[in-house]
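Right, one structure below, let's go through it.
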Amino acid sequence: MDDKGISKAVIRRLPRYYRYLGELLEEGVERISSNELSEKMRVTASQIRQDLNNFGGFGQQGYGYNVPYLYTEIGKILGLDKTHHMIIIGAGNLGQALANYVQFEKRGFKVVGIFDVNPVLKGISIRGNEIRMMDELPEFLETHDVQIAALTLPKNNAAETADMLVKQGIKAIWNFAHLDLDVPEDVIVENVHLSESLMRLSYNLNRYVSEHKEKK
């Protein structure tokens, strides 16, 4: 499947389809139409059909979508049919919260190492992973198959750490640091800027309040 022409907006919606289909599976739903899925997801039926047609469609006219099949196929598109080994750099509150999140393993993301610079944290076990010191990281990466690194560091340490990860062969970085990383084009970065998300929420709240004041 050639997905080079698929928009980023479609890719961003795929995990949402996967989540809703998973909920339908838990409810025992075997079949659903695009109109029914539209009502649940608050996305137009035509948008759903357009999105899924990028990957072959999956639906049958007059039948709709087979929920278990569509769930499995979207999981394959997202790479969730494989196990991805992940390390966490930064064992503070956020890093420990990520390490404790059991849903990762259910989705195929296995945390295999946690690293920090604080010697007070050394040896503390989080769901079977003992926190290691950063000076152990290069050797760890040489001896373990790691695909993803999650950065939960202060921004003044993030750039240097990202450079080291890239040199060690890491090709995917989940970046929680308040810094846009400068990495080679063949390294994939997914930025999660929590403060920016909160600011977008604040903007929408302010707009909502202003609109309702005008109506009064």
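The values are calculated or read from the model by the stated rules, or taken from the named source; none is laboratory data. Worth saying up front: this structure is predicted, and the values here are computed from it rather than measured. Heads up, the Cβs are rebuilt from the backbone with ideal geometry, glycines too, and the neighbour counts pull from every protein chain shown. These area figures cover heavy atoms from the full protein model, side chains too; ligands, DNA and RNA do not enter into them. Shrake-Rupley method; radii C 1.70, N 1.55, O 1.52, S 1.80 Å.
Observations
- Across the range 59-140, C-alpha contacts under 8 Å between residues 6 or more apart give a mean separation that, scaled by the residue count, equals a relative contact order of 24 percent.
- Computed Kirkwood radius, in angstrom, where 1/r is averaged over Cα pairs of the range 34-96: 14.2 Å
- Sorted into 10 angstrom bins from 0, the C-alpha pair distances of the range 111-156 split as 25, 59, 16 percent.
- Principal axis extents of the C-alpha atoms in the range 1-128 (largest first, rounded to whole Å): 62, 34, 24.
- Placing unit charges on the Cβ atoms only, positive for Lys and Arg and negative for Asp and Glu, gives the chain a dipole magnitude near 940 debye about its Cα centre.
- Amide N proximity, the range 85-101 versus ILE124 label position 7 Å along Cα-to-Cβ, cut-off under 16 Å: 88-101
- Cα Rg over Rh - the chain, Kirkwood: 1.04
- Values of log10 I(q)/I(0) for the range 75-134 across q = 0.17, 0.19, 0.20 Å⁻¹ run -0.54, -0.65, -0.70, by the Debye formula with one identical scatterer at each alpha carbon and no solvent.
- Cα-Cα separations in the range 94-216 greater than 18 Å, expressed as whole percent: 61 percent
- Å² of accessible area per residue within the chain, as computed with a 1.4 Å probe and no ligands counted: 63 Å²
- Where HIS84, HIS144 fall by accessible area, highest first, once all protein chains stay in place (1.4 Å): HIS144, HIS84
- Out-of-range pairs (alpha-carbon distance over 23 Å; input LYS110/LYS171; LYS82/LYS122; LYS8/LYS110; LYS76/LYS171): LYS82/LYS122; LYS8/LYS110
- Working from label points 7 Å from Cα in the Cα-to-Cβ sense, the SER210 to GLN47 distance is 2.3 nm.
- Neighbour cut-off at most 13 other Cβ (10 Å), DSSP loop, GluC sites (Glu not before Pro), the range 1-103: GLU27, GLU30
- Ellipticity estimate at 222 nm from DSSP helix runs (n ≥ 4, -39,500 (n - 2.57)) divided over the chain, nearest 500: -14000 deg cm²/dmol
- Highest average packing first - 153-160, 194-201, Cβ atoms within 10 Å: 153-160, 194-201
- Since only ILE148, ILE188, PHE58 are under comparison, the one whose Cα sits farthest along the positive direction of the charge dipole of the chain, derived from C-beta charges on Lys, Arg, Asp and Glu, is PHE58.
- Distance from the C-alpha centroid of the range 1-80 to that of the range 135-170: 34 Å, rounded to the whole angstrom.
- Exposed chymotrypsin sites (Phe, Trp or Tyr not before Pro) absent - longest run of the chain, DSSP non-H/G/I/E/B, at most 15 other C-beta within 10 Å: 102-216
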